[in-house]
Every structure is written in C-alpha cells, then in structure tokens.
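Here's the structure, in structure tokens; my notes come after.
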Amino acid sequence: MTRLTVVGAGTMGHGIAQVGAIAGCDTVVTDARAEALDAALARVRANLEGAVQRGKLTADEAEAALGRITLVPDVETAARDADFVVEAIIEDLEAKRQLFSTLDDLVASDAVLATNTSSLSVTQIAGATKRPGRVLGMHFFNPVHIMKLVELVVHRGTDEATLGRAKHMVVQMGKHPVVVQDSPGFASSRLGVVLGLEAMRMVEAGVATAEDIDKAMELGYGHPMGPLKVSDLVGLDVRLAIADYLHRELKGAHYAAPEVLRRKVQAGELGKKTGKGFYEWPTKKPS
Ligand code: NAD
C-alpha cells in the first residue's frame with residue numbers, strides 16, 4: 001500500500017487526499033493550520049456521502065476510504081514514513097521551496113515529492129532538494145474528486161522512474177495523466193488563465209454580464225463551464241497569483257491582471273470559498 005502524505009488541506013489538498021484514499025493509499029494529511037484538518041475531513045466525508053448517494057461507491061468502500069485517512073498536525077510526523085508526498089500549500093515559490101527542503105530531509109531518499117502548483121517553476125521547487133530526479137509537478141484540477149485530468153510536469157532532471165510512479169498513481173486515482181515540460185503555467189493554466197483574464201476585462205469594459213460571457217463559451221464553444229465561473233471556483237486570489245507570475249515570466253500584456261480582479265481580491269471577494277466573486281455563491285445551510 002502506498003503511503004501518501006498530502007501537505008496543505010485546503011481546496012485541493014482535501015480532494016487529493018480523498019482520491020488517494022479511494023485508490024487504496026494509506027493517506028496522511030497535514031496543514032500549517034490545525035483547524036484546516038477537521039474542515040478537510042468534513043469535506044471528504046460529505047463528498048464520499050455524495051458518491052454513495054450517486055452510486056459511485058458503496059457505503060463500505062466510502063467507509064474504508066475514510067478509514068485510510070489520518071490527520072496529523074505537524075509535517076515532521078506526517079511525512080516521515082511517506083513513499084509519495086503531494087504538496088498543495090499556497091501558490092508561493094519561496095514557501096514551496098522551503099517546504100520541499102524540509103521534506104527532503106524528512107522522507108526516505110527514494111520517496112517521490114510532487115507539487116500541485118498551478119504555474120510555478122517545478123525546476124526551482126526541485127532545486128530546493130537534493131533529489132531533483134524524484135521531484136515533479138502533479139497538477140490536479142478543482143474539484144479534484146470530479147475532474148479527470150492530472151498534468152504531470154517534468155523538469156529536465158525528473159527521472160523516468162519518478163514519472164512512471166506518478167503516472168501509475170494518477171491511473172490508480174482513476175484519472176488521466178498528460179505530460180508537460182516545465183514552463184510557466186504549463187499547458188492548462190497558461191491557456192485557462194488567459195481566457196479568464198480576458199473575460200474579466202470584458203466585464204470591466206461592460207461588453208456583457210459575467211453570466212452572458214460564460215454562456216457564450218458554454219453554449220457557443222461547448223465549454224462545460226464559462227471562464228468566470230471557473231475563476232470563482234478556483235479562487236480569485238489563486239488566479240491573481242498565477243496571472244502575476246505568468247506576466248512576470250512571459251511578459252505578454254494578455255497575462256496582466258485586470259483591475260477588477262485586484263479589487264475583488266483586496267475586498268476579500270475570492271469566489272465560491274468566500275461566497276462572492278464574479279457570482280454570488282450562497283452557503284449551504286446544514287440540514
Ligand atoms: P487553499 O488556500 O485552499 O489551501 C492551502 C492550504 O495550505 C491552507 O489550508 C493553508 O493553511 C495550508 N498551508 C499554507 N502554507 C503551508 C505550509 N507551509 N505548510 C503546510 N500547510 C500550509 O489553496 P488551494 O486552492 O488548495 O491551492 C493549493 C495549491 O494548489 C496552490 O499551489 C494552487 O495554485 C494549486 N491549485 C489550486 C487549484 C484551485 O482550483 N484552487 C487548482 C489546481 C492547483
């Protein structure tokens with residue numbers, strides 16, 4: 001049984017832990033904020049209940065998956081026995097480099113260290129360790145338990161065996177891997193963020209409402225969800241961080257964050273997670 005440790009128990013981390021546990025991994029979840037751990041477990045429990053109701057899992061399978069998840073507040077204990085670590089902390093290069101350096105000292109030398117970064121340099125994250133060959137990007141999509149893609153981001157030094165282990169893990173999780181060379185925003189964020197930023201500029205310029213722009217992409221282009229709704233789901237703070245990074249690295253004006261995005265982030269309107277972004281997201285009352 002693979003011993004998987006997920007560092008960061010937020011929007012992405014809880015979902016990664018869930019799919020890891022369903023795949024049969026002995027899964028440990030840790031977070032710098034202890035309160036994030038209980039919240040993550042509650043979200044996993046709710047998702048699993050939903051999966052049972054929809055007939056995707058039996059009640060026994062859901063219970064077994066939940067039983068494979070352990071919450072551990074300190075990273076030292078959480079990562080010590082891991083074969084495979086997936087990092088899902090804030091989108092900040094220095095924070096990730098620091099964590100990878102710590103993990104490098106903690107886990108066995110043959111353990112794989114994967115980052116769920118949406119855009120940052122996997123090469124630079126790997127460079128914080130003495131095992132760059134065992135480091136790669138594993139870019140999951142939100143919501144993790146629904147979205148089928150995982151972008152595997154390899155840098156020049158990622159070894160074939162590491163890529164093979166990551167592909168195997170992705171398939172075990174019931175998802176499809178694509179392999180992308182390390183470059184800012186990889187394949188998915190680079191294209192997806194530009195679409196989202198342009199849609200925000202159109203809202204700003206009064207070209208159409210957020211709803212109508214999204215509908216244009218959904219009904220006209222067959223996108224399952226319009227770019228503004230996607231941005232709200234991802235989190236506007238996350239999108240802003242990615243846009244700023246792409247703009248710094250790749251320069252093009254189409255990566256520059258529009259004012260409306262900065263204003264919303266400053267006002268704490270971060271999308272679904274705060275109840276408001278380009279849309280209103282009413283919080284569900286507990287039944
Ligand atoms: P989030 O803010 O929901 O969760 C991040 C969690 O990490 C928080 O609970 C925070 O307490 C914890 N954390 C921060 N620093 C830490 C540290 N040093 N050690 C341990 N825990 C720490 O963020 P998220 O949306 O889950 O994003 C996490 C990562 O996944 C980011 O790199 C982001 O770019 C990437 N990502 C996000 C999405 C998305 O749709 N939100 C999609 C793909 C990838």
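Every number here is computed from the coordinates shown, using simple stated rules; none is lab data. Computed from a predicted structure; not experimentally measured. Every residue, glycine among them, receives a Cβ derived from its backbone with ideal geometry; neighbour counts consider all protein chains shown.
For the pair Arg33 and Glu160, the difference between a 0.36 nm per residue extended length and the Cα-Cα distance amounts to 42.2 nm. Ranking of Glu259, Glu87 by neighbouring Cβ atoms within 10 Å, starting from the fewest: Glu259, Glu87. Straight-line cross-link reach from Lys167 at under 29 Å between alpha-carbon atoms covers these lysines, not counting any fewer than eight positions away in the same chain: Lys56, Lys96, Lys130, Lys148, Lys175.
Simple spin-label estimate for Gln181 and Gln53 gives 4.7 nm between the two label positions (7 Å along the Cα-to-Cβ direction from each Cα). The angle between the Cα long axis of helix 34-53 and the main principal axis of the chain comes to about 80°, on a 0 to 90 degree scale. For the chain, averaging the sequence separation of C-alpha pairs within contact (under 8 Å, six or more residues apart) and dividing by the residue count gives a relative contact order of 13 percent.
Using the Cβ-Cβ distance between Gln98 and Glu61 with R0 = 22 Å, the FRET efficiency computed as 1/(1 + (r/R0)^6) comes to roughly 0.05. Annotation: lysines with alpha-carbon distance below 18 angstrom to Lys273 (same-chain offsets under eight excluded): Lys229, Lys264, Lys284, Lys285. Pull out a ≥ b ≥ c, the square roots of the eigenvalues of the alpha-carbon gyration tensor of the chain, then state rounded if a/c is under 1.5, prolate if not and a/b is larger than b/c, and oblate in the remaining case. Cα axes put the chain in the oblate bin.
A helix-only calculation puts the chain at -14500 deg cm²/dmol for mean residue ellipticity at 222 nm, using -39500 (n - 2.57) for each DSSP H run of at least four residues, averaged over all residues.
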